[in-house]
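Notes follow once the structure below has been shown.
The values are calculated or read from the model by the stated rules, or taken from the named source; none is laboratory data. Since the model is a prediction, treat every value here as computed from it, not as a measurement. Cβ coordinates were reconstructed from backbone atoms using ideal geometry, including for glycine residues, and neighbour counts include every protein chain displayed. With ligands, DNA and RNA removed, areas are computed over all heavy atoms of the protein, side chains included. Shrake-Rupley method; radii C 1.70, N 1.55, O 1.52, S 1.80 Å.
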Amino acid sequence: MDGRDRGAALSRVVAVVNDKGGVGKTSLAANLGGQFAAAGYRCLLVDLNRQANLSDDLGYRDSPDDDQGAGLLAAVIGGTPVRPLRDVRPQLDVVCGGARLEDLTPVMVSRLQHHGREAFTVLGDVLAPVAGDYEIVFIDCPPESTILSDLALAAARWVLMPTKTDVGGLVGIGLVAERFVLAREINPQLGLLGVVLFGTGSRSRAIHAEANAAIDRAFGDDSPRFRTTIRHAERTAQDARRLGKLAHELEIEVAHQPVWWESLRAGTRTPRVAATAANVAGDYRALGVEILTALQAAEEAEPPEPAGRGKEHR
Ligand SMILES: Nc1ncnc2c1ncn2[C@@H]1O[C@H](COP(=O)(O)OP(=O)(O)OP(=O)(O)O)[C@@H](O)[C@H]1O
Ligand SMILES: [Mg+2]
């Protein structure tokens, strides 16, 4: 595959990145992928996490087809195209993560010693032959694993960064920005699609302004961010991982479950699905629209070309 074809195939690859743990990377990848797929877009999720929470969110953990990262590891070692797990949902495929990714780090350390940072391009190489089959690809990056996230940053065209508004979250933004600049040395096409505030219960302008200031300090003034925030909804988050369902799927369950007093009268003991699912699903829907609009605007302004773009982040 030549550079132009590789660039075109990877032009809709979005790395969901933040070194900080628990800021919503996996929830965003799963729910955005799930909603885009439900809306009819062909979508691929790539899981780079050893703990593979994506398999909890989508409900395929320990299914016979869950290879726990073995396929991705073999693809990187052999330089062969990844083989996604098909139809986790209609139109939604997944490259599984899991415990087998443990071996990816030593493999990469050895390659980095021999080939320098160019070695990071291998994920793009094994993804490119299949990425063109999809209208959007999200890579769910792990926390605090420089090497695996650097692989994603070398493959992706875009970075989507969720953050929380606490001090730790704001420090995480700075760390990603440093890595982003380094990644552009081998992947000049990489751009910041935007930052999204995740799990925020606060509508406080002061708190949001502080987060925005931290984003500008890290990525430059007026760096892109999304208006939509994903609200804090702990019960929906618990329902999602307990049931292996996405927020928009829980929203449908909520609509169909009996009203609470009927369950009470019938003595049903199955836990009820929290009604906040509909609000959270709505947040992801609104964010999905913003993301598609941003992608289309960027693509219209700057048709895909191989290497060597300008300095601006988007
Ligand atoms: N809207 C929400 N409100 C509150 N908590 C949420 C929400 N959505 C998800 N969570 C919970 O927040 C936690 C972190 O979310 P998630 O796993 O998506 O973050 P992450 O950045 O991928 O974490 P890690 O860095 O460990 O991979 C999880 O326990 C998840 O269930
Ligand atoms: Mg995660």
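Here are a few things to note about the model shown:
- Gyration tensor analysis over the Cα atoms of the chain returns equivalent ellipsoid semi-axes of 32, 24, 18 Å (largest first, whole Å).
- For region 193-235, the relative contact order works out to 68 percent when only alpha carbon pairs closer than 8 Å and six or more residues apart are counted.
- Residue of Gln296, Gln35, Gln68 that the Gaussian network model of the chain assigns the largest fluctuation, springs spanning Cα pairs under 10 Å: Gln296
- Degrees separating the helix 234-243 axis from the principal Cα axis of the chain, which is the longest one: 80
- For region 70-84, Karplus couplings with θ = phi - 60° (6.51, -1.76, 1.60), whole Hz, Gly/Pro x: 4, x, 5, 4, 5, 5, 5, 5, x, x, 10, x, 5, 10, x
- Rounded to the nearest Hz, the phi-derived 3J(HN,Hα) couplings of region 23-35 under the Karplus curve 6.51 cos²θ - 1.76 cosθ + 1.60 (θ = phi - 60°) are 9, x, 4, 5, 4, 5, 4, 5, 6, 5, x, x, 6, where x marks glycine and proline.
- Helix 205-219 axis, angle to the chain major axis (alpha carbon atoms, nearest 10°): 20
- Relative contact order [Cα under 8 Å, 6+ residues apart], the chain, whole percent: 24
- Amide H partners (placed H, <5 Å) of Leu192, local residues excluded: Val159, Arg314
- Surface accessible to a 1.4 Å probe, per residue, for the residues of region 209-256, Å²: 57
- Accessible solvent surface per residue of region 87-166, calculated while the other protein chains remain in place, 1.4 angstrom probe, Å²: 35
- Angle between the chain longest axis and helix 167-186 axis [Cα atoms, degrees, rounded to 10]: 30
- Peptides ranked, highest mean first, by Cβ atoms within 10 Å: ranges 166-175, 14-23, 111-120, 96-105: 14-23, 96-105, 166-175, 111-120
- Carbon + sulfur, % of accessible area of region 1-112 - ligands and nucleic acids excluded, 1.4 Å: 48
- Taking label positions 7 Å along the Cα-Cβ direction at both Glu300 and Ala275, the computed distance is 4.0 nm, reported to one decimal.
- Taking a point 7 Å from the Cα of Leu243 along the Cα-to-Cβ direction, the residues of region 52-86 with backbone N closer than 14 Å to it are 57-59.
- The sum of -39500 (n - 2.57) across all DSSP H runs of n ≥ 4, divided by the residue count of the chain, sets its helix-only mean residue ellipticity at 222 nm to -15500 deg cm²/dmol.
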